[in-house]
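Reviewing the structure listed below.
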Amino acid sequence: MHLDKSTLLYIFVIPLTNSGGYDMNFSHLASNLRNKIAKFSGILSIQLDKTAGRFIKEAVYGILASQSVMLTEIGRQLESKVRLKKIEERFSRQLNKAQIWQNVHQQILSLAKSRINKDTLLILDLGDIHKPYAEKMEYLAKVRDGSSLEGNIVDGYWTNQVIAAEPGSNELTPLYSALYSQESPDFRSENEEIKGAIDFVSKQTGNQGVWVIAVGATGIKYMSP
């Protein structure tokens, strides 16, 4: 979620009071943030059904509040009287809706495309999420643990991410994020995953920008298309 400079100033620079202390108007701040989260979630939920829209709103808030993407941790932030197990089950049902991923990415790119011009760097990064202790997660694949010096082969998933950046600026704009596994029945190839990310972003941004690809992708045969 992109926050403009005035919002960041409001959040992080609390005005001094006449007495020399800080005016900790947390209730007003919390209300302001909730309104922004609701507005942002509403944009992400365009064209989705009511239950999916509710899930996105709760997920955005829960991720920000818990600093976690674990469904149980997100659910705890809702402070609901409903049992946590039931909340987790409801979240899982929503995540099974294939249209959520597509819709969220389209809306993110719709918000971001005005920030993309012919000189904007579109940085595609190949990564992984390692799950060395997981036993029951679906379609666990073998990945190289990039966070360790040894680069051990562990269970996990591969990721594609695209961010936009202007030359000379430290501001980043997230555009695309996908997780995949070569063990999944709908997996075709790493080449197709990379080309799919490039095609999806390029279509939504009108083929603007300059693509920057991580070293790990130099052998991929997609330069011509």
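Numbers below:
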| read-out | value |
| --- | --- |
| Counted residues, segment 75-93 - those being among the β-branched types (Val, Ile, Thr) and more than 24 Å from the chain's Cα centre (by Cα) | 1 |
| Counted residues, segment 166-190 - those being farther than 21 Å from residue 99 by Cβ and assigned to a loop (DSSP other than H, G, I, E, B) | 9 |
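Every number here is computed from the coordinates shown, using simple stated rules; none is lab data. In this text the structure is predicted, and so the values were computed from the model without any measurement. Here the Cβ is made from the backbone with ideal geometry for all residues, glycine too, and neighbour counts use every protein chain on show.
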